Every structure is written in C-alpha cells, then in structure tokens.
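Working notes, beginning with the structure itself.
Just so it is clear, none of the values below were taken in a lab; they were calculated from the coordinates. All values derive from a computational prediction rather than experimental measurement. Positions of Cβ are backbone-derived with ideal geometry, glycine not excepted, and every protein chain shown enters the neighbour counts.
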Amino acid sequence: MSQIQSLAALLSPASVAVVGASRSRSKVGGMVLANLVAAGYRGGVHPVNPAAALAGETLAGLTPLASSEMLPEGVDLAVVCLPRAQALAEVEALAARGVRAAIVLAAGFRETGRQGFLAEQELTRIAERAGMLLLGPNSLGLINTACNLNVSFAAGHPKPGGVSFFSQSGAMCVSVLDWAMSLGLGFAKFVSLGNKARLNEADVLRALGDDPDTKVILGYCESVEDGQEFLAAAREVTAKKPVLMLKAGITPAGARAVSAHTGSASGSPAAYRAAFRQAGIVHVEEMASLFGLAEAFASLPLPGGPGLAILTNAGGPGVLAADACARTSLTLPRPAAATLASLGEVLPGFASLYNPVDALGDAGAARYRSALSILLSDPQIHSLLVLLTPTAKSEPLKTARAVIEAAKGPDNPQAKPVAACFMGGTLVAPAREALLAASIPCYDFPEAAVEALSALHDQQVWLRGRPAPPMSCEAQDACDAPWDDEAVAIVEAAHAQGLLELGGVTALEAAHAAGLPVLTTGLARTSREAVRLAREIGLPVSLRLAVREGGPGAALALRESEAARFGLLADDDAVRGAFLALTSRAARTRPDASVTGCLVQAAAGAPRNGFELVAGFTRDAQFGPLLSFGLAGVGSELLGDVSYRLAPLTPGDAREMLREMRFYPLLRGACGGAVVSLAALERLLLAVARLALRAPRLAGAQFAPVLAGPEGVFIAGARLTLG
C-alpha cells in the first residue's frame with residue numbers, strides 16, 4: 001500500500017517556485033513561468049534564476065531569486081526546469097528548504113541507460129528522505145484549472161470542466177490538451193507522470209478519485225510499477241467515477257518502444273486486460289476511441305438499460321449503426337405499440353417506423369423533434385442516437401437545436417442519454433458546434449457513437465453488479481475445496497533439490513493437496529507394477545507415459561506424453577499391453593526423454609464423452625498470478641479463445657471466465673456437447689488461484705487435460721514450473 005496520503009501540495013499548491021525560470025519562451029523555464037502567470041494563478045510565485053537576479057532583472061514582472069537556498073521555508077511546489085546534471089543538486093537544496101513537492105521536467109534518466117537509472121534512483125532517495133512528493137522526471141508538468149495552475153511547458157490552457165487526464169507520456173498530454181481546446185471540452189486536471197520515480201498512476205488515480213472537480217478520469221499507460229497497488233486503487237476509484245484507460249505497448253514492437261521511452265517493461269497484454277476488467281476500468285483500444293468515450297462519459301448520464309433507438313434521415317447510416325450495435329451489449333428493441341402508433345401520425349406513410357426509425361431524407365427539424373419526443377417516452381428505449389446526413393432538404397442547425405430541446409427539456413424526464421452523429425463537413429459544422437456546446441456528444445461516424453453509448457451501458461451494468469473485493473486465501477479456505485499444506489511442502493522440497501519443473505505423480509499430489517479434483521494416479525515402472533496399481537485403483541484405468549521430473553527435455557516429452565495414452569483398459573492383459581506399447585514407442589521415437597514408466601490413472605467415474613480443457617497460471621511481473629482457461633491443445637490459443645483473470649479471484653471472476661469463452665455454449669449442451677457442471681469448473685479455477693497465491697515458489701502451473709463432462713471435472717495431468 002502506498003505511503004503517500006495526499007497530493008494537495010502538488011495539485012493545489014499555495015505557492016510555487018520555478019527553478020530555472022527564464023524570460024525566453026523558447027526555454028522550458030520561460031514557458032513554465034509564462035504559463036503559470038497567464039493562467040491567473042493566485043498563489044505566491046518565486047522564480048529562481050541566478051543570472052537574472054545578479055543583473056537586477058525581473059521575470060514576468062516578478063523579482064527572481066539567486067538560488068533555491070533563498071526560497072522561503074515551506075514552499076508547496078517547486079518546478080525544476082534544469083537538465084539532469086543540475087536537477088539532482090537542486091532537488092537536494094529544495095528538500096533542505098522544506099519544499100513539499102517537486103516536478104522534475106528533465107529527461108535523461110532511467111530511459112537512457114545505466115547512468116540515467118542511477119541518477120533517477122538518487123533522485124528518488126532524496127525525495128523519500130525529505131518526505132517530498134516527486135512528479136517525474138521526464139514529465140511535462142501539470143495543470144489544475146480549478147486553481148488556475150499551469151506548471152507545464154505545453155501550449156495553451158484548457159477551460160474548466162469535469163474530465164481529468166493523467167499520462168506517462170508528456171506528448172499525449174499535449175495532444176489531448178490541444179484536442180480539448182479545439183472542441184471546447186472542459187478539463188479539471190492534466191498530470192504528466194513521466195518516469196514515475198516516486199509518484200505513480202495509483203497515487204494520481206486515488207487523488208483524482210477524491211477530487212470533487214473530477215467527474216471522469218482518463219489515463220494513458222505504458223507500464224505499471226506495482227500492479228497490485230494499481231488494482232487496489234482502481235477498485236476504490238471506479239466505485240465512485242468512471243476511469244478510462246488506453247494501454248500502449250501491447251505488441252512486441254510497442255513493448256520495445258515503451259522500454260526505450262521510459263525504461264520500463266510494458267508487461268503482458270493479457271494481464272492488463274484482466275486487470276482493467278476486474279477493476280472496472282473501461283479499456284480503450286485506440287486514441288480515437290479515448291476521445292469519443294471521454295465526451296460521452298463527461299456529458300451523458302448512464303442509461304437504465306440496453307435498449308437503443310436510432311433515428312435517422314438516411315437508411316445507410318442507420319444500417320451501419322445497427323451493425324455496430326450487434327457487436328456490443330446494446331439491443332435495438334421494437335418500439336411499443338403506442339410508440340408505433342404515435343410515430344405513424346408524425347412521419348410520412350412510407351417511413352420506416354421500426355428500429356432504426358427512418359424519418360426519410362426530407363426530414364426537417366420539426367419531424368426530428370416530434371419523433372424524438374415519442375421515442376423518449378417509450379419505456380423499452382434507454383438511450384437514443386440521432387443520425388443526420390446533409391440532404392437537400394435537411395436542416396442541420398435547426399435539427400441540432402431540436403435535439404437539444406428534446407434531450408434537455410421536459411420530453412426527457414428520465415434523463416435518457418442522447419448522442420448524435422451528424423455526418424459531413426462544412427454543411428454540418430455549425431450544428432456539431434451547437435450540440436457540443438450543449439453537452440451532447442456528436443460523432444463523425446455511427447460506429448463511434450454506438451461504441452460510446454455501449455460503454456455507458458457497460459459501466460452501468462458493472463456498477464450494479466460490482467463484485468465484492470477478492471477474498472484472501474484464508475477466507476477462501478472456509479468456502480472452497482480443502483487445503484493441505486503438503487502442497488507447499490512438495491514445492492519447497494523440489495526447490496531445495498534445484499528442480500525447475502514438477503510433473504507426473506508428484507505434480508498431481510501437489511494439486512490434490514491444494515484441493516484440486518485430481519484423478520487417483522500411481523507411477524508404474526514395469527508392466528507388472530502397472531497391473532498391480534490398476535487393481536488397487538480399480539479397473540478400468542488409463543495409462544500415460546511418464547518422464548523423469550526436471551530432466552533434460554522433460555517438458556517437451558511430457559507434453560507429447562499427454563497425447564500418448566491409452567484409456568478404458570478393463571483387464572490385466574490390456575494394461576500390460578498398453579504399458580509395453582507406450583514405453584517401447586517412446587524408446588524408439590524419443591530416446592532422450594528419460595522415460596520412467598507409465599502413470600496408471602483411474603478411469604471409472606471420469607468423463608468419457610466430455611471435453612479436454614486446460615487451466616493454469618503464469619506469474620506476471622507487474623500483476624502477479626495470471627490465470628488462464630481454455631480448450632486443451634494448441635487450437636484454443638491460436639484462435640484466441642482463452643480467458644484470463646488475475647488472482648485472487650472472486651466467484652464472479654471465475655464465472656465470467658467460463659461465460660466469455662466462445663465454446664461456452666458447448667459446455668451447456670449446444671450442438672450435442674456434454675453438459676458440464678459450471679460450479680465444478682468455478683471451484684477448479686478458484687483452487688488454481690489459491691495455489692498460485694499460497695505457493696509463491698511456483699512460476700507457473702498447467703493442468704491438462706482437465707476432463708469435464710456430466711460425470712464431473714477431473715485433472716488428469718499437471719506440470720508445475722518453479723522459479
């Protein structure tokens with residue numbers, strides 16, 4: 001848990017020092033000082049410039065100080081506008097003067113290599129010793145419109161509003177700032193995190209979550225320093241206000257660029273997607289979507305349900321919007337009978353009254369206004385999208401005013417969200433400006449508008465069903481499968497022996513002790529021993545090839561052995577013959593596989609006509625254990641039909657992991673598939689998550705095949721990786 005409790009000295013300072021202030025706006029110190037003065041900041045401002053002080057000059061009408069040592073005690077914020085070579089000494093001097101927060105703008109730290117990394121470590125130590133808040137280095141600065149604070153070297157100053165933005169990239173802040181000013185969108189705060197030497201995204205997220213001026217939080221993320229801390233902060237904040245995040249570095253090329261940019265590892269894309277989903281963050285895939293979603297969340301209320309009505313004056317855009325709707329959680333309900341009757345009275349006889357509602361190309365503002373009033377009163381409709389193309393008889397500006405009247409007036413007592421898409425350029429530009437000025441988002445294309453309205457609905461669904469925080473291992477012990485500390489003992493013993501991997505019987509014993517549903521299994525080194533074990537376990541049995549644990553090539557041989565097995569061996573001769581066939585085949589094809597015999601496994605009660613699944617986890621560097629679930633074999637992963645979640649899991653997380661799989665309908669009997677107990681699969685996933693948390697020596701685990709059918713869910717094979 002972060003030890004930083006308040007960012008008030010940074011975000012809302014009573015006084016600011018600009019170290020390296022300059023008269024020239026071509027220099028960073030000059031831009032920061034000019035922005036601070038131009039924004040109308042009302043607190044004390046202390047420019048620091050030795051040459052200007054010696055010459056008796058003024059900077060922006062202020063008397064400069066010759067050094068940081070001359071600052072008054074207890075200045076809230078200092079902005080260090082000096083290169084790396086001078087920045088460390090200045091931060092040390094600021095700490096000695098009791099400055100509470102500092103922003104270091106200089107680049108050349110961790111992102112440049114070893115010397116920069118060491119310099120950044122020293123910078124962090126100075127700030128930590130002094131209890132000083134530190135933003136950066138490699139930061140653009142920050143803006144807080146609520147107190148007219150602009151200590152950035154970006155051009156311009158946004159108008160006040162309810163959106164706040166934080167970013168690891170200063171250039172992203174500049175782009176978003178320029179976009180906001182071009183649209184007239186109001187912002188509360190801009191924070192450029194830079195290299196996050198002391199303050200990171202979790203600290204800023206919590207501060208913005210508690211900020212009364214911030215209604216919506218946008219974030220651009222390249223890496224996360226402490227995944228669990230970020231998750232905890234995100235869960236707290238998303239319960240109060242929406243958080244939209246754009247994650248960069250989700251490809252190998254992007255990950256390399258992230259490392260060059262900030263010196264940080266980008267992390268697993270699957271882990272980030274799982275983290276955002278479990279924390280209630282709206283995961284934004286691309287920059288264009290971030291802007292469109294920001295408009296919707298900043299301007300519109302959340303809908304009461306999934307029903308979307310589309311009102312258009314052209315069939316093509318209406319069809320595109322309907323297609324886009326089919327790819328989301330929204331629905332296109334048939335208007336109620338009373339709605340259809342009322343629409344029939346105000347629309348031409350050959351207009352399409354069904355959703356989408358086509359008011360035809362000659363629709364003017366009055367026709368739009370009447371249709372909107374009727375659609376807003378339909379209880380099956382929870383949000384509306386108004387489409388317009390500039391036909392010869394259309395009235396874009398008048399129609400925009402009609403939309404504003406309907407959306408903001410007494411025709412909309414339930415405050416249903418209304419968005420617009422006025423397609424075109426010059427002809428619809430005044431209409432778009434009017435809509436945006438009235439806080440009705442207007443999009444260039446139907447797909448973007450539908451995406452925004454769908455995100456609002458998804459947020460409402462998440463808030464209504466927001467899961468309780470994940471249970472600790474001790475709490476899960478009371479409600480899940482039993483736990484035996486022998487599981488950890490087996491892993492620790494393997495680690496003490498220097499093994500890198502556990503498979504076969506030993507891995508299955510650890511899984512059984514961890515409460516996983518393992519088939520009864522024994523290791524037979526000879527055919528005679530295989531017959532004896534089969535009798536003890538109880539016929540019928542199955543046989544699988546076994547290799548020496550941790551030996552050379554063991555992992556590859558074990559993967560091959562999972563396919564090299566015989567099942568439903570009902571008598572001694574069948575068991576004996578299967579043993580000899582498996583071992584002799586391995587001796588011919590894989591002489592390096594260190595075959596130790598065969599695993600004899602119970603087949604009675606195991607599913608025979610069900611599915612072979614795989615469950616497991618890896619340990620992500622940022623977020624910890626990342627669970628995965630899918631069909632066994634390479635097909636599921638190649639097709640992308642694998643679900644992921646971070647441990648610890650809630651029962652709801654486990655349930656969602658199953659239901660989001662494309663093959664989920666097969667588990668419920670579709671197309672002749674075997675009906676599988678979902679409760680049993682959920683218990684399996686919870687037990688895997690608990691093993692990952694309670695056995696930190698494990699770098700990963702794979703349980704495959706998991707045999708699932710009407711008879712139950714059983715693990716037939718396991719491989720544990722130590723790290």
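A simple count of charges around GLU286, restricted to other residues whose Cβ falls under 13 Å of its Cβ and scoring Lys, Arg +1 and Asp, Glu -1, yields -2. Is segment 301-464 best put as rounded, prolate or oblate by its Cα gyration tensor, with a ≥ b ≥ c the root eigenvalues, rounded for a/c under 1.5, and otherwise prolate when a/b is larger than b/c, oblate when not? Taking the square roots of the gyration eigenvalues as a ≥ b ≥ c, segment 301-464 is rounded. Computed over segment 611-722, the Cα gyration tensor eigenvalues convert (square root of 5λ each) into semi-axes of 23, 14, 13 Å, ordered from largest to smallest.
Pairs with C-alpha atoms separated by more than 22 Å, drawn from the list LYS240/LYS408; LYS189/LYS416; LYS196/LYS247; LYS159/LYS398, are LYS240/LYS408; LYS189/LYS416; LYS159/LYS398. The value of relative contact order for segment 355-452, using C-alpha pairs under 8 Å at least six residues apart, is 29 percent.
Counting only helical runs of four or more DSSP H residues, what would the 222 nm mean residue ellipticity of the chain come to if each run contributes -39,500 (n - 2.57) and the total is spread over all its residues?
-12500 deg cm²/dmol
Rounded to the nearest 20 debye, the dipole size of the chain about its Cα centre is 440 debye, using +1 on the Cβ of Lys and Arg and -1 on the Cβ of Asp and Glu. Between the entries [x] 1.01; [y] 0.96; [z] 1.07, the label attached to Rg/Rh (Cα atoms, Kirkwood Rh) calculated for this structure is [z]. Relative to the longest principal Cα axis of the chain, at what angle does helix 315-326 sit, 0 to 90 degrees, rounded to 10? Relative to the chain, helix 315-326 is tipped by roughly 50 degrees.
Could you work out how much longer the chain between GLU57 and GLU73 gets when fully extended? Use 0.36 nm per residue separation minus the Cα distance between them, nm to one decimal.
Details: separation 16, 0.36 × 16 = 5.76 nm, distance 2.35 nm.
Value of the extension gain: 3.4 nm.
Relative contact order, whole percent, for segment 272-411 stands at 29, derived from Cα pairs under 8 Å and 6 or more residues apart.
Inter-label distance, PHE350 to LEU500: 7.5 nm, where each label sits 7 Å from its Cα along the C-beta direction.
Hey, what angle do you get for helix 337-346 against the long axis of the chain, alpha-carbon based, 0 to 90 degrees rounded to 10? For 337-346 against the chain, the angle is about 40 degrees.
What percent antiparallel are the DSSP beta bridges of the chain, to the nearest 5? Beta bridges within the chain, antiparallel portion: roughly 50 percent. Using a cutoff of 8 angstrom between alpha carbon atoms and counting only pairs six or more residues apart, the relative contact order for the chain works out to 8 percent.
Mind running the shape call on segment 8-296? Use the C-alpha gyration tensor, a ≥ b ≥ c as the square roots of the eigenvalues: rounded below 1.5 for a/c, prolate if a/b tops b/c, oblate otherwise. Here segment 8-296 falls in the prolate category.
Mind checking which of CYS147, SER370, ILE715 is farthest towards the positive end of the chain's charge dipole, using Cβ charges of +1 (Lys, Arg) and -1 (Asp, Glu) about the Cα centre? Checked the options; the winner is SER370. Helix 554-563 sits at what angle to the longest principal axis of the chain, using alpha carbons and giving 0 to 90 degrees rounded to 10? Approximately 70 degrees, to the nearest ten.
Summary of packing: across the peptides 345-352, 578-585, 690-697, the per-residue average of other C-beta atoms within 10 Å ranks them, highest first, as 690-697, 578-585, 345-352. Listed by chain and number, the aspartates and glutamates whose C-alpha is less than 14 Å from the C-alpha of LYS27, apart from same-chain residues fewer than 8 away, amount to an empty set. Taking packing as the residue-averaged number of other Cβ atoms within 10 angstrom, the listed peptides 365-378, 660-673, 213-226 run from highest to lowest as 213-226, 365-378, 660-673.
Protection proxy ranking of 70-78, 613-621, 57-65, by the mean of other Cβ atoms within 10 Å over each peptide's residues and highest first, is 613-621, 70-78, 57-65.
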